[in-house]
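Accompanying notes for the structure given below.
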Amino acid sequence: MGLRAEMPLLARHEGEWDGTYVHVGPDGAVVDRHRAQLTCAIVDDAAYHQTNRYTWDDGRVEVHEFPGTYLGGGRCGFDTDRLRGEFWELDATSIYLSWQFKAEGEDLRLFELIVLSDDGHTRNRVWQWIKGGEVVRRTLINERRIG
């Protein structure tokens with residue numbers, strides 16, 4: 001069996017996505033906002049690869065590659081120079097991630113929930129940034145499929 005068969009929801013995320021990331025502090029005040037275009041792909045039915053292209057209104061651009069490895073048992077892992085973590089499917093519409101930015105150390109952990117619409121055209125994501133047991137930021141992401 002390949003990755004598509006073992007993680008069918010992940011396979012439904014393949015394609016191009018356009019969206020907005022809104023970062024809010026623990027009080028709900030917006031601390032950052034930017035556009036994003038993501039490419040999600042399963043490679044050779046054995047690995048996952050995601051490319052994120054972020055664009056801010058001031059002209060800044062960042063591009064990040066996230067190669068993932070299928071770990072078996074319906075779980076994928078990723079370990080780049082920037083971050084490391086794992087993700088798995090919770091049910092027919094939801095994927096859960098637990099990850100860390102390496103430069104931030106072990107104390108800051110991020111927990112992400114991704115929910116794909118039934119028709120597969122939109123998805124909504126939320127990150128919770130937890131440090132020392134307290135929420136220090138949340139990131140709210142709304143995306144629509146563009147390809």
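Directionally averaged projected area (region 28-77, Cα convex hull): 5.1 nm².
The chain gives an Rg/Rh value of 0.95, both radii derived from C-alpha positions and Rh following Kirkwood. When you restrict to C-alpha pairs under 8 Å that are six or more residues apart and normalise by the size of region 78-135, the relative contact order lands at 25 percent. Spin-label model, residue 122 to residue 81: label points 7 Å out along the Cα-to-beta-carbon direction sit 3.8 nm apart. Between residue 58 and residue 142, residue separation times 0.36 nm minus the direct Cα-Cα distance comes to 28.2 nm.
Measuring nothing but how far apart in sequence close Cα pairs (under 8 Å, 6+ apart) lie, relative to its length, region 1-139 scores a relative contact order of 17 percent. Taking 0.36 nm per residue of separation and subtracting the Cα-Cα distance, full extension of the segment from residue 71 to residue 1 would add 23.9 nm.
The residues of the chain expose, per residue, 52 Å² of accessible area to a 1.4 Å probe.
Normalised radius of gyration (Cα atoms, divided by 2.2 N^0.38 Å) for region 87-140: 1.27. Of all the accessible heavy-atom surface of the chain, with the other protein chains kept in place and a 1.4 Å probe, what percent is carbon and sulfur? Of all accessible area on the chain, carbon and sulfur atoms account for 52 percent. If you plug the beta carbon distance of residue 20 and residue 51 into 1/(1 + (r/R0)^6) with R0 = 22 Å, you get a FRET efficiency near 0.80.
The values are calculated or read from the model by the stated rules, or taken from the named source; none is laboratory data. Model, not experiment: these values are computed from the prediction. FYI the Cβ positions are ideal-geometry reconstructions off the backbone, even for glycines, and counts take in every protein chain you see. When the accessible area is computed, the model is the full protein with side chains, heavy atoms only, and any ligands, DNA or RNA have been set aside. Shrake-Rupley method; radii C 1.70, N 1.55, O 1.52, S 1.80 Å.
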